[in-house]
Amino acid sequence: MEKQTGGGDRYDALVERITRRNFIKIAGAAGLVAGLAPVLAACGGGEEAAPETTAPATETVATTTPATTGGGATGRPLKIGYVTPQTGALAGFGEADTFVLAEMEKRFADGLDVGGTTHPVEIVARDSESDPNRAAEVAGSLVLDDGVDLVLVEGTPETTNPVSDTCEANGVPCISSVAPWQPWFFGRNGDPAAGFQWTYHFFWGLEDIIAVFLSMWSQVETNKMVGAIWPNDGDGNAWGDPELGFPKPLTEAGYTITDPGRYPNLTDDFSAQISEFKSKGVEIVTGVPIPPDWTTFWTQAAQQGFKPKIASIGKALLFPASVEALGELGDGMSTEVWWSPTHPFTSSLTGQSAGDLAAAYTTATQRQWTQPIGFAHALFEVGADALSRSADVDDKAAIAAAIAATSLDTVVGNITWEGGPVPNVAKTKLVGGQWSPGTDFPYDLVIVENAALPDVPTGGTLRPIPGS
Amino acid sequence: MSGELTVVRATTASRLGAVAGVAALTALATVPFWASAGDMRLLVEALTLLALAQMWNLLAGYAGLVSIGQQAFVGIGAYGLYYFGDKVGVHPFLAAGLAGLAAAALAIPTAGLAFRLRGGYFAIGTWVIAEVYHLLAVNTSYLGGGSGVTVGSAAALERGTREDGTYWLALAAGAGAVILVYAVLRSRLGLALTAIRDNEEAAESLGVDLVRAKLVVYVLAGLGCGLAGAVIYLNLLRIQPDAAFTVNWTAYMIFIVVIGGIGTIEGPIVGTAVFFVLRELLSGYGTWYLVALGGVAVVVMLAAPGGLWSLVQRRFDLRLFPVQRRLRLPPAPEREANP
């Protein structure tokens with residue numbers, strides 16, 4: 001018997017030698033992938049993610065127990081799922097989450113009253129990691145594992161669409177925001193005649209941003225030559241769509257568009273686009289790149305001596321961190337403004353004005369206000385309002401019906417799904433702003449266009465980019 | 001010489017393993033009748049990742065094909081599901097199967113390109129080819145382009161039907177991958193693969209048809225990864241080209257196989273279990289979760305270069321899937337009688 005084991009050992013030793021040798025080859029390849037993948041991710045996410053070191057644990061569970069005093073009975077806990085990109089290339093959209101979630105924890109400390117019954121509220125926050133696969137996965141786990149009653153989601157079609165699709169397929173009410181409504185609705189094969197059963201969206205649309213950009217551009221004398229950098233993603237394809245996007249209305253307004261075609265996200269060389277813009281004499285640049293791509297484009301444009309008078313950029317220039325990343329080159333960039341401290345709205349949950357909310361954020365985080373604060377807050381306003389009005393919190397259809405019947409004045413304005421451009425879409429108003437050297441922080445976002453919402457005071461008109 | 005040397009394949013452990021395997025498979029097949037939808041969803045993810053890892057194990061651990069481009073077939077499976085389900089209009093479950101076959105079919109021309117390269121060049125070459133498929137998907141507006149598509153045919157299915165069907169397909173992919181690798185290794189092809197693994201030139205000089213053996217393995221791996229990809233997106237419902245063709249799929253496969261033990265059938269099973277335990281425990285910690293995954297990989301590589309299963313194998317001489325041949329000497333008394 002001992003001899004047999006001896007034979008086995010020799011065999012094993014041989015096998016081990018072989019596998020060890022092969023292993024070194026394979027481990028090399030594995031190391032390569034393991035080493036490169038984070039580098040690739042870092043190229044995209046590093047810039048935006050870097051200031052996020054104080055970002056929350058990606059999963060925040062805030063449970064509140066109602067301090068019921070007399071009167072209403074106590075109901076079961078209501079669970080609200082919340083999905084945002086807290087890490088990765090889109091991290092800017094989740095920057096305000098820690099603050100907003102802490103505010104909500106305070107607000108829901110006494111529970112939520114639904115038809116005389118007080119329910120504790122539990123918020124389950126999940127990170128999409130800026131990855132559509134992960135967004136669908138966490139949405140599925142919120143719906144199936146956590147059994148949430150309602151899902152809230154925000155931050156670009158790459159986040160809202162997979163989450164909304166998962167909710168629609170599983171019959172769970174979902175409210176989304178911070179993605180133009182066209183990529184959310186048409187990008188999910190929405191049928192304007194039928195709409196969706198479980199998923200609702202509030203934000204502005206392409207028609208609004210086109211109006212804002214055109215109005216801003218009319219404030220500066222240019223040759224009306226527009227260069228477009230539209231990426232090959234949900235937003236870029238919607239913006240560049242010949243019928244539904246920018247090209248048709250811009251042409252009608254007398255502008256000439258130079259569109260070098262869709263480029264993949266995380267492109268590291270924009271020389272082709274820049275030289276085409278230079279040769280066509282482009283004076284206005286517009287587009288919807290992700291933040292790292294705009295930094296690349298604009299830096300290379302400066303190196304190659306391309307100096308347009310106007311750069312009106314969606315998505316990439318929303319956040320102070322992205323503008324600061326450009327250094328001195330950030331001065332004069334313009335962007336759409338969905339929410340600012342000067343918006344004349346107050347929260348239905350806390351009674352704070354937009355200005356109070358932004359000030360509270362700066363006090364709590366020592367950071368400059370950022371547009372998602374208002375919309376993240378408003379998502380909870382709309383969600384809490386719908387839950388509190390629902391006829392039966394144990395019936396998901398009743399919650400969806402309550403969402404559909406919403407008419408609520410929130411910190412981002414009135415939200416109602418009555419009379420939207422397509423079913424399930426509610427619109428908010430849009431104004432335009434320009435980044436200018438600031439007082440407390442390197443750059444301030446100054447409102448320069450307010451046609452849609454005249455109650456938002458402007459701080460001047462659009463200046464041509466310095467040095468152009 | 002009546003006391004002949006004998007060749008033994010099965011062991012007590014492997015016979016017990018076979019019984020346990022059949023029992024586990026039966027238990028898994030009944031999951032939709034008693035488990036919660038959330039648990040089923042987790043199992044779908046685990047079984048599809050097991051299928052992917054097992055395919056990579058077959059490629060790298062047995063055929064010496066270190067591919068970093070298997071995400072190509074995951075993406076092809078995803079888009080195959082969309083194409084057959086939404087564009088052609090067949091039932092999504094059938095579409096998933098067709099997507100697997102389409103991936104296998106595309107593996108043949110892919111191999112024609114990739115097999116011109118060897119070693120490290122092959123690894124990078126497969127990655128480049130996967131990027132080509134990615135760019136094709138991104139630039140084909142018929143398939144949704146860079147914006148991605150919703151798998152409407154699957155989303156329209158009744159919820160219970162979709163969940164149960166997806167689960168059984170995932171089980172077929174996961175268990176099928178294990179059985180497939182086992183069957184391949186027990187076959188004549190398996191013998192050829194073992195020879196190739198040990199020394200390609202020597203194997204060829206002994207008459208092993210290298211190209212044929214590798215091609216069969218590569219196409220089988222394409223089939224497995226394609227089917228797994230289709231099932232993954234039956235579960236996720238939304239396909240975005242950057243996500244469907246992400247190199248992360250291959251990184252997961254490599255992680256699981258290296259952690260569990262390359263060149264063993266048990267390894268990827270152990271690796272998948274470890275990966276999911278780590279993910280469920282740590283994914284709430286954001287970036288630290290990725291740091292922990294990397295740390296685990298480094299520790300396992302240094303402490304147990306053959307993977308976790310190699311520790312078990314060495315300590316207990318345990319083999320649940322008998323693919324090797326063992327030489328048994330005749331019992332001792334017999335040998336004494338025949339000096």
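Can we say B:G97 is surrounded by 14 or more Cβ atoms within 10 Å (Cβ to Cβ), away from chain A (no Cβ under 14 Å), within 18 Å of the chain's Cα centre (by Cα) and modelled with pLDDT of 95 or more? Reasoning before the result, please.
Numbers: surrounded by 14 or more Cβ atoms within 10 Å (Cβ to Cβ): yes; away from chain A (no Cβ under 14 Å): yes; within 18 Å of the chain's Cα centre (by Cα): yes; modelled with pLDDT of 95 or more: yes.
Yes; evaluated as a whole, the condition is true for this residue.
Which count do you get for residues in the stretch A:152-170 that are touching a Phe, Trp or Tyr at 6+ places or on another chain (Cβ under 7 Å), in a helix (DSSP H, G or I) and either farther than 16 Å from B:S147 by Cα or not hydroxyl-bearing (S, T, Y) (or both)?
Of the residues in that region, 4 qualify.
Residue-by-condition table, conditions (1) aliphatic (A, V, I, L, M); (2) closer than 17 Å to B:M301 by Cα; (3) modelled with pLDDT under 90:
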{"site": "B:V219", "(1), (2), (3)": "yes, no, no"}
{"site": "B:C225", "(1), (2), (3)": "no, no, no"}
{"site": "B:I232", "(1), (2), (3)": "yes, no, no"}
{"site": "B:T246", "(1), (2), (3)": "no, no, no"}
{"site": "B:W249", "(1), (2), (3)": "no, no, no"}
{"site": "B:V257", "(1), (2), (3)": "yes, yes, no"}
{"site": "B:G267", "(1), (2), (3)": "no, yes, no"}
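Considering (1) at pLDDT below 95; (2) assigned by TED's automatic domain parsing to the domain that holds A:C167, say which one A:W198 fails and leave the rest.
A:W198 satisfies every listed condition except (1).
Might you let me know whether the stretch B:50-62 holds any residue that is of a type outside the set (G, A, S), touching a residue at least 12 places away in the same chain (Cβ under 8 Å) and over 30 Å from B:L281 (Cβ atoms)?
First, the residues of the stretch B:50-62 that are of a type outside the set (G, A, S): B:50, B:52, B:54-59, B:62.
Narrowing the set further to residues that are touching a residue at least 12 places away in the same chain (Cβ under 8 Å) leaves B:50, B:52, B:54-59, B:62.
Within this subset, residues satisfying the condition of being over 30 Å from B:L281 (Cβ atoms) are B:62.
For the stretch B:50-62, residues of a type outside the set (G, A, S), touching a residue at least 12 places away in the same chain (Cβ under 8 Å) and over 30 Å from B:L281 (Cβ atoms): present.
Just to be sure, is A:L317 touching a residue at least 24 places away in the same chain (Cβ under 8 Å) and under 21 Å from the mean Cα position of the chain (by Cα)?
Working: touching a residue at least 24 places away in the same chain (Cβ under 8 Å): yes; under 21 Å from the mean Cα position of the chain (by Cα): yes.
Here the answer is yes, as A:L317 does meet what is asked.
Taking the stretch A:414-441 as the region of interest, how many residues are buried (at least 17 other Cβ atoms within 10 Å of the Cβ) and under 20 Å from A:G460 (Cα atoms)?
8
For the stretch A:397-413, which positions are within 15 Å of A:S348 (Cα to Cα) and buried (at least 16 other Cβ atoms within 10 Å of the Cβ)? Full working, then the answer.
Here is the first cut: in the stretch A:397-413, the ones within 15 Å of A:S348 (Cα to Cα) are A:406-413.
Passing the criteria: A:T406, A:L408, A:T410, A:V411, A:V412, A:G413.
Looking at the stretch A:161-210, which of the residues that are among the acidic types (D, E) and in contact with a Ser or Thr (Cβ under 8 Å, 6 or more places away or on another chain) is surrounded by the most Cβ atoms within 10 Å (Cβ to Cβ)?
The first filter runs over the stretch A:161-210 and keeps only residues among the acidic types (D, E), leaving A:165, A:168, A:191, A:207-208.
Filter once more, keeping what is in contact with a Ser or Thr (Cβ under 8 Å, 6 or more places away or on another chain): A:165, A:168.
Numbers: A:D165: 27, A:E168: 20.
Here the residue is A:D165.
State all residues of the stretch B:15-49 that are among the small types (G, A, S), within 14 Å of chain A (Cβ to nearest Cβ) and within 30 Å of B:D317 (Cβ to Cβ); if no residue qualifies, say none. First the steps, then the outcome.
Initial filter on the stretch B:15-49 (among the small types (G, A, S)): B:17-18, B:20-21, B:23-24, B:27, B:29, B:35-38, B:46.
Pick out the ones that are also within 14 Å of chain A (Cβ to nearest Cβ) and you get B:35-38, B:46.
B:A46, the sole residue that qualifies.
Here is a list of conditions, (1) surrounded by fewer than 24 Cβ atoms within 10 Å (Cβ to Cβ); (2) touching a residue at least 12 places away in the same chain (Cβ under 8 Å); (3) assigned to a loop (DSSP other than H, G, I, E, B), and A:A360 meets all of them except one; can you say which number that is?
Unmet for A:A360, out of (1) surrounded by fewer than 24 Cβ atoms within 10 Å (Cβ to Cβ); (2) touching a residue at least 12 places away in the same chain (Cβ under 8 Å); (3) assigned to a loop (DSSP other than H, G, I, E, B): (3).
Could you list all residues from the stretch A:113-136 that are acidic (D, E) and either surrounded by fewer than 24 Cβ atoms within 10 Å (Cβ to Cβ) or outside the structural domain of A:F99 (by TED's automatic domain parsing) (or both)?
Filtering the stretch A:113-136 for residues acidic (D, E) gives A:113, A:122, A:127, A:129, A:131.
Answer for the stretch A:113-136, where residues must be acidic (D, E) and either surrounded by fewer than 24 Cβ atoms within 10 Å (Cβ to Cβ) or outside the structural domain of A:F99 (by TED's automatic domain parsing) (or both): A:D113, A:E122.
State whether one or more residues within the stretch A:77-92 are away from chain B (no Cβ under 14 Å), in contact (Cβ under 8 Å) with a residue 60 or more places away in the chain and β-branched (V, I, T).
Yes.
When both residues are 6+ apart or on different chains and their Cβ atoms are under 9 Å apart, which pairs have a first residue that lies in the stretch B:106-118 and is over 17 Å from B:G224 (Cβ atoms), and a second that is surrounded by 13 or more Cβ atoms within 10 Å (Cβ to Cβ) and basic (K, R)?
Qualifying pairs under 9 Å: B:F115/B:K214.
Hey, among the residues in the stretch B:1-50 that are among the charged types (D, E, K, R) and not in a helix (DSSP H, G or I), which one's nearest to B:E266 (Cα to Cα)? Quick ask: steps written out before the conclusion?
If we filter the stretch B:1-50 for residues that are among the charged types (D, E, K, R), which is where we start, we get B:4, B:9, B:15, B:39, B:41, B:45.
Next, from what is left, pick out any that are not in a helix (DSSP H, G or I): B:4, B:9.
Numbers: B:E4: 31, B:R9: 16 Å.
The selected residue is B:R9.
Just wondering, is there one or more residues in the stretch A:296-306 that are on the phi < 0 side of the Ramachandran plot, outside any loop (DSSP other than H, G, I, E, B), of a type in the set (F, W, Y) and at pLDDT 90 or above? Working first, answer last.
To start, the set of residues in the stretch A:296-306 that are on the phi < 0 side of the Ramachandran plot comprises A:296-304, A:306.
Imposing the further condition that a residue be outside any loop (DSSP other than H, G, I, E, B) reduces the set to A:296-303.
Those still in the list that are of a type in the set (F, W, Y) too: A:297-298.
So of that shortlist, the ones also at pLDDT 90 or above come out as A:297-298.
Taking every residue of the stretch A:296-306 in turn, at least one turns out to be on the phi < 0 side of the Ramachandran plot, outside any loop (DSSP other than H, G, I, E, B), of a type in the set (F, W, Y) and at pLDDT 90 or above.
Can you pull out every residue in the stretch B:155-171 that is of a type in the set (A, V, I, L, M), more than 8 Å from chain A (Cβ to nearest Cβ) and touching a residue at least 12 places away in the same chain (Cβ under 8 Å)?
B:L157, B:L169, B:A170, B:L171
The values are calculated or read from the model by the stated rules, or taken from the named source; none is laboratory data. Since we're looking at a predicted model, the values are computed, not measured. Neighbour counts run over all protein chains shown; Cβ positions are idealised from the backbone, glycine included.
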